[in-house]
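Peer 1: Please see the structure below; I have some questions.
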Amino acid sequence: MPLTHRPTAARDEMRRLVHGPCDPAFLSELHKALAADAPADSAGAQLLQQLGLLSETLPYDLFDDPARLTAAHAWAAVADPSLCLAALVHHLLCLGSMAELGNGSDDLTFRMAALRSGRARGIYLITEAGQANSHLATRTRAELDTATGEFVLHTPDEAAAKFGSAGTLDVPQTAVVLARLVTGGTDHGVFAFVADLTGDGGPLPGVEISSPIGLSALPLDYVQVRFHHARLPHAHWLADGAHIAPDGTFDDPAGSAAGRLQRTLRVGQGLWATMPAVAAATSRQAAVQAVAYAQGRRTQGRLAPGVPLLTYRTQQRAVLGALADAFALTCAAHGARALWEESRDAPAEGGVTEMGVSPWTAVSRPLAAYKAATVRLAARVTAECQRRCGFSGHLDANRLAGYHGFHHAFDTAGGDSQLIFYDIGSALAEAAEREASDGDAAGRDADGLEADGRKPDSRETDSRGTDDRKADAGTPPSPLSPGWWPMLVRRHRHDLTRHLAKRLGGTEAAVPFEVWNPLLEDAGALGEAYADSLIAEDVVRTLAGTQDRDLARALRPLAALHGVMAARRRSGSLLALETLRPADVRALSDAADRLCDEVRPHLPLLIEAFAHPTDLAPADCDTALRTTLTRTGGGTA
């Protein structure tokens, strides 16, 4: 039954599943904003208009409605991945820093209004081009001039140049720049500062912008930016409660340089909470296109000439597996947004989380994990859909290359995903090793479940609570069940934690690098298992809350198929720790085929629910190509 013919309650539930708790009026406004023509004299002016139109659909205080904020960027990604990236930086990092860390001064309020209205473009400059992990060793300086009260922003050398998408020189651009605050020769840690980069006539005094840097995977105006004693008003310091007294005394509620960096970077939580929604939207759209292509494209192979591609099991596992992973990403989008909302409502906690090879997990372990896992899975899904659409998958009109490039680029952008996994795994193993050495391991779950800020949910399918290891030690349900993968991945996470903690406890090295250098691969695998378990829990939670019977019947095999495909991807690690036996892994192919058979009758409902409007993204690869072609004849012979 088409969605338009379904009862209102069923349509509402499907809309909430795909787009979150956003009312239809907002989605209609968003659709109009993204489909509107934005004619302009230059690419920069056009981008400003698009950002302004997108901002009009959002509340004045962007963070009053996280559901709208995440949905707007998800739809933007489907319509134009480059616009989405510009909007993420503009709204979540630039405006977000001003809102979260600023003091509400008139000067700051004026600049925020210009950004919201599309009169200026927002930039975020954090990465320094000349060294790895530059976030942990920022070298750009903002030194207080006590005579004027201004800050002098300076780049000490070429290696400290900031990297960012700030090459649109013919429109006003306002950046949030991360720099070390220095007073009287004393370094007080990394703060955010607001710096105007360009006006209508190009770079402003004290600002140097390089020629464009080519990056075809995600086409935007990337450049390097250097500051040469640029002077900033005192109000452009996003002090976040810190204060400099008239006598020069410095006071910061963060308490330390490490605490200050974590507080300054907490704006990243909004980005990480939004990326799963972006990953889900583009993956759903890519999967819809790949399924439609496989249904309509007939093959002339000798095995069965004339049958649709979707008849082949290999194609079913690929494109229906992509649809299943897109559903799991959709569940993760809800989980990440809910976690972000909870963290914003919760009172600020004292103390500083120790940073590892990167600062991201110290800011929020679960949200950083969501970002890393979802963009990596979306890159895999969109690449597989592109490949399964053959030549059509590479055409610009079908956007699959753009979706893949976006997520592939975000594997390192917004917090390097692999470093996030290393940090998560090492932190969980260290906690388990400490508990084992203290003799407390028998009384607590040794995989650090308590440390991630998430409370166990009573709607989960197994008896998680008093002793997860005991509950998960028995024979898991069949892989055809949606509960199989969540139970299996929790057990695997526990096994990985115990394995890595044992290796950690057995080392005799005293220097942290010598301890961890040979263990980082295992730490990364544990970090990935942690993220897999978050997503698996979200899938179970979504299924438990689904009321419409037709939708529930369609989603159950889709959820189970996601689990089987995830287990196939992780089979090496699962076999290595004997979480699965060889016979279990061999049986996964048959399980995938049976689940594909269960999914196929529900494809009309799933495709209609998952697809975006066709004027924002094509639902059919071949149709998209035909609509872009004109033909020139050579006359008659």
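The values are calculated or read from the model by the stated rules, or taken from the named source; none is laboratory data. It should be emphasised that the depicted structure is a prediction, and the values quoted were computed from it without experimental measurement. Cβ sites come from the backbone with ideal geometry, for glycine too, and all protein chains shown count toward neighbours. In case anyone asks, the SASA skips ligands and DNA or RNA and just uses the protein heavy atoms, side chains included. Shrake-Rupley method; radii C 1.70, N 1.55, O 1.52, S 1.80 Å.
Peer 1: Just for helices (runs of 4 or more DSSP H) wholly inside segment 1-77: which have at least 3 residues that are open to solvent by less than 20 Å² (accessible area, probe 1.4 Å) and among the β-branched types (Val, Ile, Thr)? Let's see the steps before the verdict.
Peer 2: Numbers: elements: 8-19, 24-35, 43-56.
So the answer is none; nothing clears 3.
Peer 1: I need every pair where a residue in segment 291-303 that is in a loop (DSSP other than H, G, I, E, B) has its Cβ under 8 Å from the Cβ of a residue that is modelled with pLDDT of 80 or more, sequence separation at least 6 or different chains.
Peer 2: Filtered contacts from segment 291-303: Arg297/Pro308; Arg297/Leu309; Arg297/Gly390; Thr299/Pro305; Thr299/Val307; Thr299/Pro308; Thr299/Leu309; Thr299/Tyr312.
Peer 1: Let me ask something else about it. Have a look at Leu555, Leu574 and point out the one that is within 26 Å of the chain's Cα centre (by Cα), touching a residue at least 60 places away in the same chain (Cβ under 8 Å) and within 28 Å of Trp75 (Cβ to Cβ).
Peer 2: On the way: Leu574 fails: within 28 Å of Trp75 (Cβ to Cβ).
After applying the criteria, what remains is Leu555.
Peer 1: Could you say whether any residue in segment 588-603 is open to solvent by less than 50 Å² (accessible area, probe 1.4 Å) and over 20 Å from Gly321 (Cα atoms)?
Peer 2: Of the residues in segment 588-603, the ones open to solvent by less than 50 Å² (accessible area, probe 1.4 Å) are 588-589, 591-593, 595-596, 599, 602-603.
Pick out the ones that are also over 20 Å from Gly321 (Cα atoms) and you get none.
No, segment 588-603 has no match at all.
Peer 1: Separate question: Which of the helices (runs of 4 or more DSSP H) found entirely inside segment 554-637 contain at least 3 residues meeting this: modelled with pLDDT under 95? Before the answer, list the steps.
Peer 2: Values: elements: 571-576, 582-586, 588-599, 603-610, 621-628.
In segment 554-637, 603-610, 621-628 are the helices (runs of 4 or more DSSP H) which contain 3 or more residues that are modelled with pLDDT under 95.
Peer 1: Please indicate, with yes or no, whether at least one residue in segment 380-403 is more than 23 Å from Ala611 (Cα to Cα), open to solvent by less than 10 Å² (accessible area, probe 1.4 Å) and either in a loop (DSSP other than H, G, I, E, B) or at pLDDT 95 or above (or both).
Peer 2: Keep residues of segment 380-403 that are more than 23 Å from Ala611 (Cα to Cα), which gives none.
No, because not a single residue in segment 380-403 is more than 23 Å from Ala611 (Cα to Cα), open to solvent by less than 10 Å² (accessible area, probe 1.4 Å) and either in a loop (DSSP other than H, G, I, E, B) or at pLDDT 95 or above (or both).
Peer 1: Based on this model, can you work out whether Ala451 counts as more than 28 Å from the chain's Cα centre (by Cα) and at pLDDT below 95? Even if it seems obvious, please write down each step before you answer.
Peer 2: Numbers: more than 28 Å from the chain's Cα centre (by Cα): no; at pLDDT below 95: yes.
Against the criterion (more than 28 Å from the chain's Cα centre (by Cα) and at pLDDT below 95), Ala451 does not qualify.
Peer 1: Hey, another quick one. Need pairs with beta-carbon distance below 9 Å; first residue farther than 28 Å from Arg111 by Cα and within segment 237-259, second open to solvent by less than 60 Å² (accessible area, probe 1.4 Å) and in a loop (DSSP other than H, G, I, E, B); sequence gap 6+ or separate chains.
Peer 2: What qualifies is Ala258/Met355; Ala258/Pro359.
Peer 1: Restricting attention to segment 174-183, does a residue exist that is open to solvent by less than 30 Å² (accessible area, probe 1.4 Å) and farther than 17 Å from Leu238 by Cβ?
Peer 2: Pass one, segment 174-183, residues open to solvent by less than 30 Å² (accessible area, probe 1.4 Å): 174-179, 181-183.
If we keep only those that are farther than 17 Å from Leu238 by Cβ too, we end up with none.
Looking through segment 174-183, none of the residues is open to solvent by less than 30 Å² (accessible area, probe 1.4 Å) and farther than 17 Å from Leu238 by Cβ.
Peer 1: Hey, can you tell me all the residues within segment 167-193 that are more than 23 Å from Leu136 (Cβ to Cβ) and part of a strand (DSSP E or B)? If you could, list the steps in order and put the result at the bottom.
Peer 2: Within segment 167-193, the first condition is being more than 23 Å from Leu136 (Cβ to Cβ), and the residues that meet it are 167-174, 184.
Residues satisfying the conditions are Gln173, Thr174.
Peer 1: Let me ask something additional. Name the residue that is surrounded by the fewest Cβ atoms within 10 Å (Cβ to Cβ), counting only residues in segment 487-533 that are β-branched (Val, Ile, Thr) and free of Cβ contacts under 8 Å to residues at least 24 places away in the same chain.
Peer 2: Val511
Peer 1: Only one residue in Leu88, Leu95, Leu34 is more than 25 Å from Pro618 (Cα to Cα) and in contact (Cβ under 8 Å) with a residue 24 or more places away in the chain. Which one? Steps first, please.
Peer 2: Details: Leu88 fails: more than 25 Å from Pro618 (Cα to Cα); Leu34 fails: more than 25 Å from Pro618 (Cα to Cα).
Answer to the selection: Leu95.
Peer 1: Still on this structure, please answer the following. When you look at Ala72, is it touching a Pro at 6+ places or on another chain (Cβ under 9 Å) and within 14 Å of Ala281 (Cα to Cα), yes or no?
Peer 2: No, not satisfied.
Peer 1: Would you mention how many residues in segment 205-227 are in a loop (DSSP other than H, G, I, E, B) and in contact (Cβ under 8 Å) with a residue 12 or more places away in the chain?
Peer 2: Let us first name the residues in segment 205-227 that are in a loop (DSSP other than H, G, I, E, B), namely 205-206, 210-212, 214-221.
From the residues that got through so far, the ones that are in contact (Cβ under 8 Å) with a residue 12 or more places away in the chain too are 205-206, 210-212, 215-221.
Residues meeting the conditions: 12.
Peer 1: Would you mind finding the one in Arg260, Arg284 that is buried (at least 18 other Cβ atoms within 10 Å of the Cβ), out of contact with any strand residue (DSSP E or B) (no Cβ under 6 Å at 6 or more places or on another chain) and part of a helix (DSSP H, G or I)? Reasoning before the result, please.
Peer 2: Working: Arg260 fails: out of contact with any strand residue (DSSP E or B) (no Cβ under 6 Å at 6 or more places or on another chain).
When all the criteria are applied, what remains is Arg284.
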